[in-house]
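The values are calculated or read from the model by the stated rules, or taken from the named source; none is laboratory data. Bear in mind the structure is a predicted one, so any value in this text is a computation, not a measurement. Neighbour counts are summed over all protein chains in view; Cβ atoms, including those assigned to glycine, are modelled from backbone coordinates with ideal geometry. Calculation scope for accessible area: heavy atoms of the full protein, side chains included, ligands and nucleic acids excluded. Shrake-Rupley method; radii C 1.70, N 1.55, O 1.52, S 1.80 Å.
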Amino acid sequence: MSNVHARKRTDNVIDMFTRRPISPEESKRIIRLSPELDGLEMLYSNDANPNKLFSMKILCWALRTNGEVVALVPWLNDIVACDELRDPLNGHWEGYYDQGIDEIFYQAPIHKVVELETAAEYYKTAFQGPDDVVHEIPDSIGTHAIITTDNFASFSLEEVISWQLLNNGMIFAMIIDKNKVKSTPVLKGDPCLFPAQQHDGFKYFFHHRIANKIKANDPDAIAAFSLLVDP
């Protein structure tokens with residue numbers, strides 16, 4: 001039954017603004033971001049610890065063309081919707097968590113839905129191409145990108161300054177080209193920023209706690225990190 005209903009919804013997806021039918025692929029395109037500034041978290045589990053829940057700070061909330069609002073987190077080498085976390089080795093989404101009121105929930109908060117829909121309507125623009133920048137939000141959870149060009153014989157951990165949303169729905173983590181810095185602090189939109197994912201040596205994203213442990217040569221962090229190194 002559930003599969004039948006899901007197929008019907010996919011075949012009849014409507015653009016929330018034009019009210020015209022759109023393809024399943026286009027329906028998932030992200031059109032607006034909103035930073036998560038209240039500390040809401042994603043809860044997830046993994047196969048290695050079946051009776052334990054883990055948490056991770058949510059980076060932002062995203063509005064899709066079909067009107068769906070989802071939370072996003074940097075995960076391994078991508079930025080993904082929390083409720084689509086299905087990697088059997090690395091995690092399964094279990095819900096959202098508000099630490100302030102000790103509450104688990106499963107839908108985007110209504111204030112984020114309203115914010116995103118209102119902003120998307122207000123800033124609606126006829127962008128010329130797929131690579132046009134829709135907008136850029138600062139990173140608020142301390143994300144780092146790991147860069148290596150020699151299979152981790154040496155590497156650097158680069159702070160992600162901001163996240164840039166393109167008209168085609170792609171989201172890039174913006175890091176600093178140290179040779180182009182002309183003033184500090186470096187803020188979103190600075191000309192010295194470039195997409196981490198377009199660097200030939202880009203491998204993974206790390207939360208700031210893990211990044212700091214790696215920098216400090218913490219044994220547990222290094223052991224976990226070594227599992228990601230290509231043989």
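Calculate, for segment 68-224, the solvent-accessible area per residue in square angstrom, rolling a 1.4 angstrom probe over the heavy atoms of the protein chains. Write out the running numbers ahead of the final one.
On the way: 8810 Å² over 157 residues.
I get 56 Å² per residue for segment 68-224.
Let me cross-check LYS28: its accessible surface, 1.4 Å probe, with only protein heavy atoms counted, in Å² to the nearest 10?
90 Å²
Multiply the residue separation of LYS180 and ASP220 by 0.36 nm, subtract the distance between their alpha-carbon atoms, and state the gained length in nm to one decimal.
10.9 nm
Please arrange ASP102, ASP139 by accessible surface area, largest first, computed with a 1.4 Å probe and ligands excluded.
ASP102, ASP139
Order the following by accessible area, largest value first: HIS92, HIS111. Probe radius 1.4 Å; ligands, DNA and RNA are ignored.
Accessible-area ranking of HIS92, HIS111, largest first: HIS111, HIS92.
So for the chain, averaging the separation of alpha carbon pairs under 8 Å that are six or more residues apart and normalising by length, what relative contact order in percent results?
Once normalised by length, the contact order is 16 percent.
Using a 1.4 Å probe on the protein heavy atoms only, what accessible surface does HIS199 show? Give it in Å² to the nearest 10.
60 Å²
For the pairs LYS124/LYS180; LYS112/LYS213; LYS57/LYS178; LYS188/LYS215; LYS112/LYS215; LYS112/LYS182, flag any whose C-alpha to C-alpha distance is greater than 30 Å.
LYS124/LYS180; LYS112/LYS213; LYS112/LYS215; LYS112/LYS182
Taking N as the number of residues in the chain, what value does Rg over Cα atoms divided by 2.2 N^0.38 Å take?
Relative to the 2.2 N^0.38 Å estimate, the chain comes out at 1.08.
Find how many whole Å separate the alpha carbon centroid of segment 47-90 from the alpha carbon centroid of segment 155-231.
Centre-to-centre (Cα) distance: 18 Å.
So for the chain, taking the charge dipole from beta-carbon charges (+1 Lys/Arg, -1 Asp/Glu), which of PRO50, PRO109, ALA145 sits furthest toward the positive end?
PRO109
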